[in-house]
Structures are given as C-alpha cells and as structure tokens.
Amino acid sequence: KFKPRIFSGIQPSGNLTLGNYLGALKRFAQKQDEGIETIYCLVDLHAITVWQDPEDLKRQTREAAAAFIASGVDPTRSVLFNQSQVSAHAEMGWLLNCVARMGWMNRMTQWKDKAGKSAEKQSLGLFAYPALMAADILTYHATMVPVGEDQKQHVELTRDIAAKFNHDYKTDFFPSPEPLIEGVATRVMSLRDGSKKMSKSDPSDASRINLTDDADTIAKKFRKAVTDPAELPFEMEGLEARPEARNLVNIYAALADMSPEAVLGEFGGKGFGTFKPALADLAVAKLEPISREMGRLMADPAEIDRTLSEGAARARAIAQPILEETLDIMGM
Ligand code: ADP
Ligand code: NA
C-alpha cells in the first residue's frame with residue numbers, strides 16, 4: 001500500500017559533528033543515490049524545545065542546509081527544507097499529541113537524559129518532542145527513517161502512535177516506518193569519554209569533531225582523544241573491553257568505507273602514535289572538501305533561503321493532503 005519513502009531530520013541547534021555526518025548526513029546522500037524518494041528536514045521546531053538564540057538559530061539553520069548539500073544531498077533530487085516553513089508538522093504534531101500517551105513519553109530515555117532531575121523546569125515541548133517527531137515522519141507516510149542508535153526508540157514510538165491511531169480510528173491510514181540503523185558509525189562516541197555519544201550539544205568542544213574544524217584542530221582533537229596505552233589488536237574481540245579504541249577504529253572504518261576488521265588488518269600491532277595521525281589525515285581528507293563547500297554556500301545566504309523555500313513548497317505538496325485526510329478521519 002505504501003511506496004518506499006525516506007524521511008529524516010537534523011536539529012539546527014549548533015555545530016554539526018562527525019557523528020552527525022557519519023550517522024546521518026553521509027547515509028542520507030547514499031540513500032538518495034540509491035534512487036529512493038528522500039525527504040530531509042532541518043527540524044527547527046525540535047531545536048526550540050531548548051533555548052535557542054534567534055540570530056544563532058537563523059544562522060545555524062542555513063549552516064545545516066549547507067552541510068546537507070556539501071555532504072552530497074542534492075536539493076533537486078531530495079526534498080530539503082526547514083520544518084517551521086511547513087505548517088503541517090505543527091498541526092499533525094497536535095493531532096498525535098492527542099494519540100500518544102503520557103506513559104509512553106515518560107519512558108523515553110532521551111527525555112530522561114535531557115531532563116535529568118529537573119523535569120519540572122523543562123519545556124512542555126521537550127517532553128512532547130517524540131510525538132512531533134512521529135508527526136514529521138507520518139505526515140509524509142514515510143516508510144523508512146535513517147537515524148543513529150540514539151533515535152531508535154523515537155522511531156519505535158512513532159510505530160506505536162501509528163498503530164494506536166489505526167486501531168482507534170479503524171483504518172490502515174498510517175504506515176509503520178522502519179528505523180534504518182546501518183553501518184559501523186551508528187553511535188560515534190565522544191573523544192573525551194567513551195561512554196557518551198559525540199554530540200553538538202556537549203559543552204566540551206574537544207569531545208567532538210565539528211564539520212567546520214580546520215585541519216590543525218582535527219589533528220589536535222584526535223591526538224588528545226582519550227585512549228588506553230595498548231597497541232591495536234589484530235582481531236575485533238580485542239576491542240571488546242576497549243570502547244575508546246573501538247570508537248576510533250569505527251570512525252576510521254566509516255570514513256574510509258572499510259570494515260573495522262580491515263582497519264585492524266592494516267593497523268593491528270601498531271600503537272596510537274601511528275594510528276591517530278593516520279585517522280586525523282583521513283578525517284581531514286574527507287571533511288575538508290565538505291567544509292570548503294559549506295563556506296562557499298554560506299557566502300550566499302539568499303541562495304540557501306531560496307533553496308529551502310523551494311524545498312518547503314515540495315514538502316507541503318506531499319504533507320498537506322495527508323494532514324487533511326487525517327483531520328477527515330478524525331471527524332474534522
Ligand atoms: P545531536 O544529537 O548531535 O544534537 P540530532 O539530535 O540533531 O543531533 O541528530 C541528528 C541525526 O544525527 C540523528 O539521526 C542522530 O541519530 C544522528 N546522530 C547524532 N549524534 C550521533 C552520533 N554521535 N553518532 C551517530 N549518529 C548520530
Ligand atoms: Na540526537
């Protein structure tokens with residue numbers, strides 16, 4: 001009943017990281033090149049669930065659009081837009097707020113992590129965020145959602161919300177979208193703490209590689225990355241109790257389009273004094289063209305805005321009829 005369609009998004013809430021690139025952007029471009037219909041969204045309505053300075057948000061939204069394009073997402077072949085320009089997201093979000101249950105939201109690990117002990121002080125939007133994410137996906141009848149590990153639970157919640165809607169309204173209107181969590185870089189970890197994911201919202205800049213970092217900064221961050229003193233093993237089993245080493249091997253593998261086994265084939269028996277500079281060189285070789293292209297695109301913000309407006313018009317053409325049919329099913 002549903003044709004294959006991919007939807008995914010990234011928050012324009014700060015510097016995009018190597019984790020966002022390997023876990024999301026690079027794969028978004030690959031999916032587009034596989035000939036599947038692809039819809040990609042800068043989810044600014046999600047970003048404002050925590051405080052965003054208005055000027056920063058504006059700039060970061062354009063910068064995130066530039067990062068998509070520089071990473072190979074072609075705005076003529078994919079639909080690329082920002083969420084706030086397509087009102088169906090907010091409207092569908094409200095409808096699904098009335099389908100989702102408080103108990104489901106309370107179980108979301110990202111909410112628990114972000115709210116911590118200060119849930120009372122968080123915005124209502126941060127709590128409802130996963131229902132808006134369900135709306136983002138379902139208002140396109142998307143069937144596949146490429147994401148990193150950290151978003152798996154939210155896609156599963158989307159399936160629960162779709163199932164409850166279909167059950168309550170005795171319909172098969174919404175598909176049950178599949179999370180696509182593929183490759184070795186589904187959870188790139190912090191360079192300072194092997195138990196935390198690399199994130200643009202981490203207060204420590206040394207914990208992450210930003211897409212816009214220059215070659216010296218990238219080399220320095222990898223050099224200072226926390227590791228153990230042992231040499232790299234020859235087999236994957238040797239990485240099991242070494243999360244920091246495994247993270248760097250996985251990053252190398254993802255950047256080089258190699259398997260982690262092949263990386264150990266090359267670097268097994270060598271120390272980090274050899275491996276880290278090789279990793280830094282590889283990262284610079286892959287990221288430099290992207291940051292150069294981002295710089296070129298950012299020099300013409302009006303052109304980025306035009307691209308996003310065109311993307312929004314194409315997104316609206318898909319989302320609006322699905323929103324209207326949803327309202328009709330619900331009796332409105
Ligand atoms: P962040 O967590 O950096 O604020 P977002 O929540 O905007 O980023 O996530 C955008 C996409 O990037 C999602 O698909 C998310 O799963 C992916 N992603 C974020 N951080 C990582 C990471 N460290 N490793 C792999 N994928 C990641
Ligand atoms: Na995230």
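The values are calculated or read from the model by the stated rules, or taken from the named source; none is laboratory data. This one's a predicted model, so the numbers in the text were calculated from it and none came from an experiment. All Cβ positions, glycine included, derive from the backbone under ideal geometry; neighbour counts span all protein chains shown.
Here are the numbers for the structure shown:
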quantity	calculated
Residue satisfying all of: in region 31-56; buried (at least 17 other Cβ atoms within 10 Å of the Cβ) and more than 16 Å from ligand 2 (Cβ to nearest atom); nearest to E182 (Cα to Cα) among these	K31
Close pairs (7 angstrom Cβ cut-off, 6 or more residues apart or separate chains): over 29 Å from D202 (Cα atoms) in region 96-114, more than 16 Å from ligand 1 (Cβ to nearest atom) and of a type outside the set (G, A, S) anywhere	L96/I161; V99/I161; V99/K164; V99/F165; A100/I161
Qualifying residue in region 32-39 (condition: over 15 Å from the mean Cα position of the chain (by Cα), of a type in the set (V, I, T) and farther than 19 Å from L138 by Cβ)	no
Matching entry among A215, A225 (being crowded, with 17+ Cβ neighbours inside 10 Å and either in contact (Cβ under 8 Å) with a residue 40 or more places away in the chain or farther than 18 Å from L18 by Cα (or both))	A225
In region 267-310, residue farthest from R246 (Cα to Cα) [restricted to those that are among the hydroxyl-bearing types (S, T, Y) and in the same structural domain as A70 (by TED's automatic domain parsing)]	S309
Check on G125, surrounded by fewer than 21 Cβ atoms within 10 Å (Cβ to Cβ), at pLDDT 95 or above, over 17 Å from the mean Cα position of the chain (by Cα) and within 16 Å of ligand 2 (Cβ to nearest atom)	yes
Per-region count, region 143-158, residues within 10 Å of ligand 1 (Cβ to nearest atom) and either touching a Ser or Thr at 6+ places or on another chain (Cβ under 6 Å) or not acidic (D, E) (or both)	9
Residue within region 87-94 that is buried (at least 17 other Cβ atoms within 10 Å of the Cβ) and either under 16 Å from the mean Cα position of the chain (by Cα) or within 16 Å of G311 (Cβ to Cβ) (or both) present	yes
Hits in region 1-35 - residues which are small (G, A, S) and within 8 Å of ligand 1 (Cβ to nearest atom)	S8, G9, S13, G14, G19, G23, A24
Condition met for L264 (surrounded by 20 or more Cβ atoms within 10 Å (Cβ to Cβ), farther than 22 Å from N15 by Cβ and assigned by TED's automatic domain parsing to the domain that holds S78)	no
K170 within 12 Å of ligand 1 (Cβ to nearest atom) and either charged (D, E, K, R) or without any contact (Cβ under 8 Å) to a residue 12 or more places away in the chain (or both)	no
From the options K164, K117, residue that is more than 15 Å from ligand 1 (Cβ to nearest atom), of a type in the set (K, R) and modelled with pLDDT under 95	K117
Considering residues of region 132-171 that are of a type in the set (G, A, S) and within 16 Å of ligand 2 (Cβ to nearest atom) only, the residue surrounded by the fewest Cβ atoms within 10 Å (Cβ to Cβ)	G148
Subset of region 1-10 [within 16 Å of ligand 2 (Cβ to nearest atom) and surrounded by fewer than 24 Cβ atoms within 10 Å (Cβ to Cβ)]	I10
